[in-house]
Each structure stands twice: as C-alpha cells, then as structure tokens.
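Once you've had a glance at the structure underneath, I'll fire off some questions.
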Amino acid sequence: MRDIDIAELSRRSGVRASALRYYEERGLIASTGRRGLKRLFDPEVLERLSLIALGRASGFSLDEIAAMLGGAPEPVIDKARLRARAEEIGRRIEELSRMREGLLHASACTAPTLMACAKFRRIVRFAGREAAATPSRSRFRATAV
C-alpha cells in the first residue's frame, strides 16, 4: 500500500491537518517523509488515529494516550488503566442518570412551585453536597440540577 499525503489522511480520518501536525509533533503519529511540501503517512496511521480518538472519547489526555501508544508500532495498552477509566465512566453515568431522573421529576412535578416539592428540595440538597465534595465539577453539577 502506498503512503498517503496529509490531505488524504485528514479526509479519510476526519482529523484536521493542523491536528495531524500537532499529533506528529507530540509523537503520537509519525510521517514517512514528504512529497513536495506535503507530509506522507503510512495508511496504518488511520488505525492509530482511531485509537487516539477512542482514548480522547474515553476521557484520556493526549499525554496519557501517548504513554499508552508509545513509540512502537504496536501499542502496549495498560488494561488496568482501561478498567479504572471504565469504572470512572460508570460512576459518571450513574450520576447523570440520577440527574436526569431529578430533572424529569422537576419537569412533571405538580407542586405549586419546585421549591415546594420535597423531592426537588432533596435533589437540590444532594447536588449542593456533591458540588462541595468535588469542586472541580461543581459548576457543571450546579448548572445541571
């Protein structure tokens, strides 16, 4: 299979050329050379870009992804790290599900005002305690409930 230029890689992967250049600068991908002024890449870089996309969608930072992918063609992915991230995502899903249920209750509540609804007031108190316990996400939690 012949090498593809950065424009083709961008088109096929959906990753902007500027991001591809940045990934190359960070050592996440490597070009094989140039054709004129355009960088060339082995088509197998598409799979690596898919791994990067999966890592980003899973909440891993580029530094974490770089550590897992390493410089080797075959990545050495830490399964314990994946399990820990999956558990973290599971906890977040549970939080969001509770938040969704609270919002659905609030939208259908027949109390004269939401603050007159005992269940809604419990949700508000819970959100306040959660926000105080995890200040890094308190802005999201306060807005979402």
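Within the chain, what's the longest run with no trypsin sites (Lys or Arg not before Pro) in a DSSP loop and at most 15 other beta-carbon atoms within 10 Å? Give the range, please.
27-145
Just the Cα atoms of the chain, one point each, no solvent: what log10 I(q)/I(0) does Debye give at q = 0.11, 0.12, 0.15 Å⁻¹?
-0.62, -0.68, -0.82
At what distance in nm do the modelled label points of Ala131 and Ser58 sit from each other, each positioned 7 Å from its Cα along Cα→Cβ?
Between Ala131 and Ser58, the simple spin-label model gives 3.3 nm.
What is the Cα coordinate range of the range 1-51 on the first, second and third principal axes, sorted by size from largest, in whole angstrom?
Here the Cα extents, ordered largest to smallest, are 26, 22, 17 Å.
At a temperature of 20 °C and a viscosity of 1.002 mPa s, determine how fast the range 41-91 diffuses translationally according to Stokes-Einstein, using the Kirkwood radius over alpha-carbon pairs as Rh; express D in µm²/s, rounded to the nearest whole number. It would help to have the intermediate numbers written out before the result.
Details: Rh = 11.5 Å.
Roughly 186 µm²/s, to the nearest whole number.
Would you please give the residues with an amide H less than 5 Å from that of Arg39, counting only those at least 5 places away or on a separate chain, with H modeled from the backbone geometry?
The list, which skips near neighbours in sequence, is Ile6.
How large is the Kirkwood hydrodynamic radius of the range 71-135, counting all unique pairs of alpha carbons, in Å? All intermediate terms of the calculation are to be shown ahead of the outcome.
On the way: mean 1/r = 0.0682 Å⁻¹.
Final number for the Kirkwood radius of the range 71-135 is 14.7 Å.
Hey, what number do you get for the chain at 222 nm if only DSSP H runs of n ≥ 4 count, each worth -39500 (n - 2.57), divided across all residues, to the nearest 500?
-20000 deg cm²/dmol
Throughout, read-outs are computed from the coordinates displayed, never taken from laboratory work. Computed from a prediction, not measured in an experiment: that's the story for all the values here. We place every Cβ from the backbone using ideal geometry, glycine too, and count neighbours over all the protein chains shown.
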